[in-house]
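The values are calculated or read from the model by the stated rules, or taken from the named source; none is laboratory data. Note that the structure is predicted; figures quoted are calculated from it, not measured. Virtual Cβ from ideal backbone geometry, glycine too; neighbours counted across all protein chains shown. Only protein heavy atoms, including side chains, enter the accessible area calculation; ligands, DNA and RNA are left aside. Shrake-Rupley method; radii C 1.70, N 1.55, O 1.52, S 1.80 Å.
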Amino acid sequence: LLNVALILAALFVSPRLAEPTYGLAAGVLVGGLLQIAIQVPQLRRLRAVGRPRLGWHDPAVRSVLLLMTPRLFAYGINTINTVVSTRFAAGLGDASVSHLYYANRLKELVLGGFAVSIATAILPLLSRQALEASREPFKESLAFALRLIAFVTVPATVGLIVLRVPIVRVLFQGGRFGASDTAATDRTAAMVRPVE
């Protein structure tokens, strides 16, 4: 629903506005509301919808907030890194921001495509096992997930390093994105390092 709202906003709302980005922002907002709205009937049927309460004094809420803090810090660092890198790239001339963007998309091929998928899939199992008295199943599952991620990401990373020019050419080159843009994105990709 988020993607549908974004596409509809880009096609029908943004072209009619003086500032097209407002149309896309509205698409994100509407898409998010639709994602919530589609779940409400099922939640009501399960009697899982109640009045929201802020239970700041509840020990479980405090525990969640405490556990969230490192992740929020890591996400904030990544966002700051992106903003600072983009500002530097903007000062380097035309298309530098685009080259940085495309180089980051290469990094995300492996990181977002596989590592995040494995982490998302294993999280419910690890959550269940973390509550058990024995720590062995948790340790085994975590070790298995890390081995699986390394088994795919290490060779994929080497492949991206070695084959980044052909990969950039196949994925992005065409139209206004020419051979010089491929070379510039290749140089940028060589410098991009993941911070997650």
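A few notes on this one:
- Hey, A10 in contact with a Gly (Cβ under 9 Å, 6 or more places away or on another chain), over 30 Å from R164 (Cα atoms) and in a helix (DSSP H, G or I) or not: yes
- Within the stretch 49-60, considering residues that are assigned to a loop (DSSP other than H, G, I, E, B) and modelled with pLDDT of 80 or more, the one least open to solvent (accessible area, probe 1.4 Å): D58
- Sole residue being in contact with a helix residue (DSSP H, G or I) (Cβ under 9 Å, 6 or more places away or on another chain), within 26 Å of P70 (Cβ to Cβ) and surrounded by 15 or more Cβ atoms within 10 Å (Cβ to Cβ), chosen from T185, T153: T153
- Candidates A103, A89, A74, filtered to the one that is in a helix (DSSP H, G or I), open to solvent by less than 60 Å² (accessible area, probe 1.4 Å) and more than 30 Å from S180 (Cβ to Cβ): A74
- So V116, is it open to solvent by less than 40 Å² (accessible area, probe 1.4 Å) and modelled with pLDDT under 85: no
- Filtered residues of the stretch 13-47 (kept if open to solvent by less than 100 Å² (accessible area, probe 1.4 Å) and more than 20 Å from L1 (Cβ to Cβ)): P15, L17, E19, P20, T21
- Residue satisfying condition, being more than 23 Å from the chain's Cα centre (by Cα) and over 30 Å from A60 (Cβ atoms), within set S141, S180: S180
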